[in-house]
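To start, the structure itself, in structure tokens.
What follows is calculated from the coordinates using simple rules that are stated; it is not laboratory data. What you are looking at is a predicted structure, and each value in this text was computed from that prediction instead of being measured. Don't worry about glycine lacking a Cβ; one is built from the backbone with ideal geometry, like all the others, and counts go over all protein chains shown.
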Amino acid sequence: MHLNSDTHPLSNAFLNLCYQSDASRIRRRLFKLNKEVDSDKKTQTLAQLSEQAQAAFEKVELRRNARPKIHYPENLPVSLMRDDIARAIAGNQVVIIAGETGSGKTTQLPKICLEVGLGCRGMIAHTQPRRLAARSVASRIAEELQSPLGEVVGFKVRFADALKSDSYIKLMTDGILLAELTSDRNLDQYDTIIIDEAHERSLNIDFILGYLKQILKKRPDLKVIITSATIDVERFSKHFNNAPIIEVSGRTFPVETRYRPLVQDSDADLDQIEGIFAAVDELVSEGLGDILIFMNGEREIRDTAEQLSRRNYRDTEILPLYARLSYGEQSKVFNSHRGRRIVLATNVAETSLTVPGIRYVIDPGTARISRYSYRTKVQRLPIEPISQASANQRQGRCGRVGPGICIRLYDEADFNNRPAFTDPEILRTNLASVILQMLAIGLGDIAGFPFIEPPDPRHIRDGFLLLEELQAVESKHNKLVLTPLGRNLAQIPVDPRLARMVVESQQLGCLNEVLVIAAGLSIQDPRERPMEKKQASDEAHRRFADPSSDFVSWINLWQHLKEQQKELSASQFRKKCRDEYLAYLRVREWQDLYAQLKQAVHDLKWRLNDTPASYDTLHRALLSGLLSHVGFKDNNNEYLGARNRKFFVFPGSPLAKKGPKWIMAAELTETSRLFARCCAKIEPEWLEPLAAHLIKKAM
DNA sequence: GAGCACTGC
């Protein structure tokens, strides 16, 4: 029989019916076999591969027959449209599903896929922007399919998974899917990819959508489903060659929008707090129901909460809500309550967290939005007017339990003049990390990558510049390519600057300490600082402070935790953390991330140092990643280096008098959460890479 | 001595 015959196990037609990852492996071996000259060996391998193909075919049959029985909750809008959806999926490689919350698309789509026969030649990948969502969606679908979590339906997020090799549906964060690209270029383990919440347009989502567009031709069997809120869906459709859009209605209640601008006809202008008072008064007179007020930040929330509580609304509790809040305080918004509740929240409440039972929303119309300034080379968090899409999302937060009212503290003309959508992250961020990943996967020209919205060329250039400073890329034949060091950076799953420190520390013999610090600087600060216990918590934390360096305090805290953990039982340790104003879950995250980094350096065949590192080597390693954020003063107290770099010298400090040999402080990444002091004596040779870039710029 | 939302590997 000839290989071209459709029934031969090694024919293309047959392999197309086999389990995809096996088929792809067999194809690769067939391709290699072309070069084999020994005909006996060739025949033998062909027989072997035929057998494997047969098994891979049967695997698909087995999976098809073992699928669970599928039922749909009849009251969901998406259930009613499942035939339309099934038909669209069967007839198109890419389908866009647009629907608001409450349509049931997230839970029902993978079931529809399974029912039409997908999930058999490979798993159904289903991505979520957040870990928590990935896990809880997995549980919900597993429950509906009456299968324990991790069997038919599993999940994989950073630090946790529950999945079997014969699972059908795999919930994951979009970041995990991206990370898997490194070892599975064509996503062969999947026959279907569902990208949920694509309208959020995170860096990960934009990158995945570009990547998928590229592999559709190589994987004609792969089905892709993009789901999004009903905003900007045409853009997705256009990106994927006019893929069909199916709209699914949501199940929400009508929301009345009232415009109450602060700026009125000249003399009656209100400031924001007065506007909020007036809006709260107005809503209180509407009747019972919880109120959600959007704010720009922690401080603003605290101030507003204080002023609102002074107004003594009857039977009303005021709750703050922001990400840095301790878990205990955050969870208060989920507790049942009597009377009225006013929740003052940052943007967490817009996407990440759904505050239950909200009937009224007050939207001042602004938010802090992270933006990379190409001019100053730093990431900033300016307060900006939010987009129409974002305002509508906020408004929708009060239509989930009944008809709602949303008061906007601006006028309708203002709303209509705003941009329709928030700029996607890719247009607002430093691209070093994305570029590094793209180079590592071998995607070639960043400028030619099919992004939905291509990033600003100046941002791309700056991304390369940062990578160059970190010595991760170099110019070769007029092209910027990854250096061996850069290849290592790409394998260390933290910000490239932090990864750079890890690489340097390996050479200097302080890997262990720097892993602790790099992990610590990547997570949310585990130190809690509750409003009413500021002093006590500061004192508890001060025990770990190091006079010369904030980085060393991380090490001190780490050691302390390790000792406590050794002595105490698990529950005692949890309690101890609480008593010492440390967030247990974040401590765990720190330890998990450390373990992950340790694994990564283990894979690189690097060894941890057994003896404690000296201050000098430690700081030298840390500075390698800080270069682009650090400047220094010469003996005349003149700045060397780009003045607009993040750069701090404490002028009053005695160390400032010591001249250019001391770096005093540096802000590592975008937010003050990572502000850290390090007073390190800098040896001239450490300065070379720094001086090369910075001094040249200063000239 | 800064004072600034939220995610993700």
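For chain A, what proportion of DSSP beta bridges, expressed in % and rounded to the nearest 5, is antiparallel? Walk me through the numbers before you get to the answer.
Values: 23 of 73 bridges.
Percent antiparallel among DSSP bridges in chain A is about 30.
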> Hey, how many Å between the Cα centroid of segment A:156-196 and the Cα centroid of segment A:307-359?
Replying inline: 35 Å
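Around A:Asn347, with a cut-off of 13 angstrom between Cβ atoms, what is the net charge of the other residues, counting Lys and Arg +1 and Asp and Glu -1?
Values: positive: A:Arg324, A:Arg368, A:Arg394, A:Arg397; negative: A:Glu200, A:Glu298, A:Glu300, A:Glu350, A:Asp363, A:Glu384.
Taking every Cβ under 13 Å from that of A:Asn347, the sum is -2.
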> Measuring from the lowest to the highest alpha carbon on each principal axis, how far does segment A:29-137 reach, largest first, in angstroms?
Replying inline: 63, 29, 27
> Cα-based Rg (one decimal) and Dmax (whole number) for segment A:459-534, in Å?
Replying inline: 16.2, 61
>> How much of the DSSP bridge set in segment A:308-444 is antiparallel, in percent, rounded to the nearest 5?
In response: 40 percent
>> Can you compute log10 of I(q)/I(0) for segment A:518-607 with the Debye formula, treating each Cα as one identical point scatterer, at q = 0.14, 0.16, 0.18 Å⁻¹?
In response: -0.54, -0.69, -0.86
>> Sorting check: for A:571-579, A:322-330, which peptide has the highest mean count of neighbouring beta carbons within 10 Å, and how do the rest follow?
In response: A:322-330, A:571-579
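So what is Rg over Rh here for chain A, counting just Cα atoms and using Kirkwood for Rh? Display every interim value, and only then the final one.
On the way: Rg = 28.0 Å, Rh = 28.4 Å.
With Rg and the Kirkwood Rh in hand, the quotient comes to 0.99.
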>> As a quick test, which of the pairs A:Lys69/A:Lys223; A:Lys156/A:Lys575; A:Lys59/A:Lys223; A:Lys170/A:Lys218; A:Lys218/A:Lys598 have an alpha carbon distance above 25 angstrom in this structure?
In response: A:Lys156/A:Lys575; A:Lys218/A:Lys598
>> What does DSSP give for segment A:48-189 in terms of the percent of beta bridges that are antiparallel, rounded to the nearest 5?
In response: 25 percent
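In Å, what Kirkwood hydrodynamic radius results for segment A:254-353 from the alpha-carbon pair distances? Let's see the in-between values first.
On the way: mean 1/r = 0.0683 Å⁻¹.
By the Kirkwood definition, the hydrodynamic radius is 14.6 Å.
Suppose every K and R has +1 on its Cβ and every D and E has -1 on its Cβ; what is the size of the dipole of chain A about the Cα centre, in Debye to the nearest 20?
Values: 97 positive and 89 negative charges, 303 e Å.
It works out to roughly 1460 debye.
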